Structure formats: C-alpha cells, structure tokens
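Read through the structure below, which is laid out as structure tokens, and then see the notes.
The values are calculated or read from the model by the stated rules, or taken from the named source; none is laboratory data. Remember, predicted model here, so these are calculated numbers, not experimental data. FYI the Cβ positions are ideal-geometry reconstructions off the backbone, even for glycines, and counts take in every protein chain you see. Heads up: the accessible areas ignore ligands, DNA and RNA and are worked out on the full protein's heavy atoms, side chains in. Shrake-Rupley method; radii C 1.70, N 1.55, O 1.52, S 1.80 Å.
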Amino acid sequence: MLSSVNMTYLDHAATTPLRPEALETMLPYLRNEYGNPSGLYRAGRVAQAAIDDARARIAGELGARPSEILFTSGGTESINAALCGIGYAMRRAGAGAHVLTTAIEHHAGLHAAQSLEEQGFEVTYLGCDAHGRVSLDEFRGALRRETVLASVMLANNEVGTVQPVAELAGIIREFAAEQGHRVMLHTDAVQAPGWLDIDVGALGVDALSLSGHKFGGPKGSGILYLRRATPFRPLISGGGQEMQKRAGTENVAGAVGTAVALEQARRDIRERSERVWKLRNLLRDGILESIPGARVNGCQANCLPNNLNVSFDGIESDALLEQLDKHGIAASSGSACSNSTWEPSHVLLAMGVPIRQAVGSVRFSLGEQTTSEDVSQVLSVLPAEVAALRHMEGERRSA
Ligand code: PLP
C-alpha cells in the first residue's frame, strides 16, 4: 500500500490531518454506537444526542443558534445548498432572480452560480484587484433591484486574500433598507477556521459554509450556517432530517469529529497564526533570494497566514510539483479540485497575472504542524529543481 508518512506536507489548503481528539471522539460512533439518530430506541437516542451536542458546540464556536447549523457532506454541498437553496426560495417568493458573486470563488461557488444561470437567474461576477481583493464600490454598484443574493468568499483558497465581508454586509443592509426588500449574503469560509475568527454576527452574513477536513476534522462532513428566517429550499429531498432542510441519515461520527476539530482550531488562533506567518515569510524570503524571476502572487497583508503562492517564470507548475514530490514535498498548483483539468488558475487570471506566470504558480499552504525544518527542506531542493526545469524548457524551445 502506498504511504505518505514522513512527507513535507505543504498542502493544508487542500486538506489537513485529522486531529487525534477528533478521531477519538468519532471512534465510538464508528464502532458500537452505530444507531440511526431517527431510531425510537436507546441507540437512536444516543446518536441523536451526539448530533445535538455537536450542533450546539459548533453554534457556540460561530456565535450562532444551534437551530441555525446544518450538517452537510462538505464545503461543496454547503455552498451549493446556500446559493441554489436561497436563490430558488427568494425567486419563488417573487423577490427577483439576480445573484452577485465574484470571479475568484472556488469552483463549488462558480459552478453553483453557473447552474443558477442555466435556471434563468442573472449572475454578475465581480473582478478583483492585483491583490485578489474585491472593490466595495464595485460591489455596491452591482447591486440591483432584482438582486436576491450575494456570495463572496471570506478567504481565497489559492492566494489567501481575505475579503471585507463585514463591510459588504453593511453595504447590503443599507441597500436593502433603501429598496425595502431583503438581499441575502453568503460567504464561503472554508479556508478560514484556525486562522481567522469566525463570528456570524460580526460578519453580518445570512449563510456561511465550512468543511470539516480543512481544519482537522474528517472528510465528507460540512457545515452550513443558515440564519433564522433565511428563505431556503432544500436541495436534497427525502426524510425530515436537519430540520427538514437536508434529508439523509446523518453522518454522526463526521458531525462529532467536526465539532471537536472546530473547537481545537479556534483555540490558540493568534499564537498559531503568528508562528505560521513567520514560517511562511521565511519560505517566501528564501525563495525570492535564491530563485531569480520568482514572484509572489496575492496580498501580503489581509491574507491567510498560511498561504504562499509563488510564480516561477518559464516553467509549468505541474512539472515542478512532480519533482518536489520525488523529494517527499507535497504542494499544489492552486485549487486541488481543478488539478485534473489543465487550465491556468482563474483566480490568478482575474488578478491580472500574465498567463506565462500563472501556469508556473505553486501554492504552498502551511499548517499547524509545519516546522522550520519543512521550510529548510523546500529551500534546499527548490532552486535546483526550478533551474533544471528552466534549462529543459530552454532546450526544448531551441530544438
Ligand atoms: N471552498 C473553498 C474555498 C475550498 O478551498 C474548498 C476545497 O478546496 C471547497 C470550497 C470545497 O470543500 P469540500 O472539499 O469540503 O467540498
């Protein structure tokens, strides 16, 4: 069996290791406590109590009410449920059919928006500046009488830029008051836990999506915060689970593991962010000093402390990632979900990064366990690998 033990893992934006505390909490529900939470007997009640407890703990972490927390199968489902579920419900209520989002959302958000377009919605995709930031003025200017929903990610998964979501919420509130009707705001906060405080009240959002495996929880377990009285049409039909909003037998182990992981991710957030930001800057400086033509993409302030996106002129990132893998180093060329399709990153292109630079970009995403040895290991092999690939590329061109 293939094993990845002992690698230098710098792809925490793609997924994170399961926290031991989360695993411990999950194990009983994978072993003996296998009851269906809908069961009208003791095993069912035990499972239901576990779900209720996980929901209350997550609500506590996010500043929400337990009844506002839905469990889903992950970030992708939460985002789809938010966009389509709120969009359809608002349209059915006759509120309009215009949605405002950005060109730099994760594919889960972009493709959900495209599916709304196929269903007759109009969608505006806002651009961003060279740092990956969305303009407040452009956002304000794009709101229309028919706008029912805006969706803007809290932190970008490719370059780490943090968007001013609380300010966007303020703009929406003002606009909605002028127009005399509601406009909902969703944020994809999948990359934020462990690095940014997430308080749904302070952010002023109506819906927020999270994914357990991005903060030390299990894969296949997501959270959708849906503010009380937010219009919503369920995407998945079936039983009455999750307060009639998401049918299907609950992933009990996933929910309890996700709750514990979220609590742990929130603990020591400042200390962790400062420590990892220093390591990230060490890596950035080392790369810029040792590799001519390397450029950092994305913002250098107001960004996730664990994300470093660098372009290496004259190479293709996939070839470099293959070489790094041979040294036991795991990194990524952007969104993990887009790795099977070979296209330059839509985020970098929206930021105005030239294609030649975009195709040679690598995302190093650090994590809680990253050490200065990991950084040294990358710096000890990266310059030679980039030089070798550039040399090969030069020879190929002159042949
Ligand atoms: N949104 C962002 C910003 C992400 O980074 C990801 C995963 O890479 C997702 C959504 C999708 O989450 P999941 O893998 O849980 O479906």
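With Cα atoms defining each centre, the stretch 254-326 and the stretch 155-175 are spaced 21 Å apart in the structure. If I fit a long axis through the Cα atoms of helix 165-179 and take the longest principal axis of the Cα atoms of the chain, what angle between them do I get, 0 to 90°, rounded to 10? The answer is roughly 50 degrees.
So, counting K/R as plus one and D/E as minus one, what does the shell of residues with Cβ under 12 Å around Q369 add up to? Walk me through the numbers on the way to the answer.
On the way: positive: R19, R272, R275; negative: E368, E373, D374.
Here the count lands on 0.
Report, to the nearest whole %, how much of the accessible area of the chain belongs to carbon and sulfur atoms, 1.4 Å probe, protein only.
Details: 8830 of 17230 Å².
Carbon with sulfur: 51 percent of the solvent-accessible area.
Assign unit charges at the C-beta atoms only (+1 for Lys and Arg, -1 for Asp and Glu), then state the dipole size of the stretch 20-266 relative to its Cα centre in Debye, rounded to the nearest 20. It would help to have the intermediate numbers written out before the result.
Values: 22 positive and 27 negative charges, 155 e Å.
The dipole of the stretch 20-266 has a size of about 740 debye.
Just checking the listed ones, A142, A97, A13: in the Gaussian network model of the chain with Cα springs under 10 Å, the one fluctuating most is A142.
Secondary-structure-derived ellipticity at 222 nm for the chain, considering helices only, amounts to -13000 deg cm²/dmol, per-run term -39500 (n - 2.57) for DSSP H runs with n ≥ 4.
Taking the DSSP beta bridges with both ends in the stretch 20-266, the antiparallel portion is around 40 percent.
In the assembled protein chains, S332 presents an accessible area of approximately 0 Å² (probe radius 1.4 Å). Projecting the Cα positions of V134, G222, L100 onto the charge dipole of the stretch 20-266 (unit charges on Cβ atoms of Lys, Arg, Asp and Glu, taken about the Cα centre) puts G222 furthest along the positive direction. Charged neighbours of A259, selected by a Cβ distance under 14 Å, balance to -2 (K, R count +1; D, E count -1). Under a Gaussian network description of the chain, with springs only between Cα atoms under 10 Å, the residue in M153, M90, M243 that fluctuates furthest is M243.
Could you state the accessible area per residue of the chain in Å², with a 1.4 Å probe and every protein chain left in place? Walk me through the numbers before you get to the answer.
Numbers: 17230 Å² over 399 residues.
In whole numbers, the chain has 43 Å² accessible per residue.
What is the magnitude of the charge dipole of the stretch 13-121 about its Cα centre, with +1 placed on the Cβ of each Lys and Arg, -1 on the Cβ of each Asp and Glu, and no other charges, expressed in debye to the nearest 20?
Values: 9 positive and 11 negative charges, 69 e Å.
Rounded to the nearest 20 debye, it is 340 debye.
If you build a Gaussian network model of the chain, linking Cα atoms that sit under 10 Å apart, which residue out of I355, I79, I287 swings the most? Checking each option, the largest mean-square fluctuation is seen for I355. Convert 37 °C to kelvin, take the viscosity as 0.692 mPa s, use the Kirkwood radius over C-alpha pairs of the stretch 162-312 as Rh, and evaluate the Stokes-Einstein diffusion coefficient in µm²/s, rounded to a whole number. D = 181 µm²/s.
Just how far, in whole angstrom, is the stretch 378-399 from the stretch 15-92 if you go by their alpha carbon centroids? For the stretch 15-92 versus the stretch 378-399, the Cα centre distance is 47 Å. Whole-Hz Karplus values for the stretch 389-399 come out as 5, 5, 4, 4, 5, x, 5, 4, 5, 7, 6 Hz, taken residue by residue from phi with 6.51 cos²θ - 1.76 cosθ + 1.60 and θ = phi - 60°; glycine and proline positions read x. A simple count of charges around A350, restricted to other residues whose Cβ falls under 15 Å of its Cβ and scoring Lys, Arg +1 and Asp, Glu -1, yields -4.
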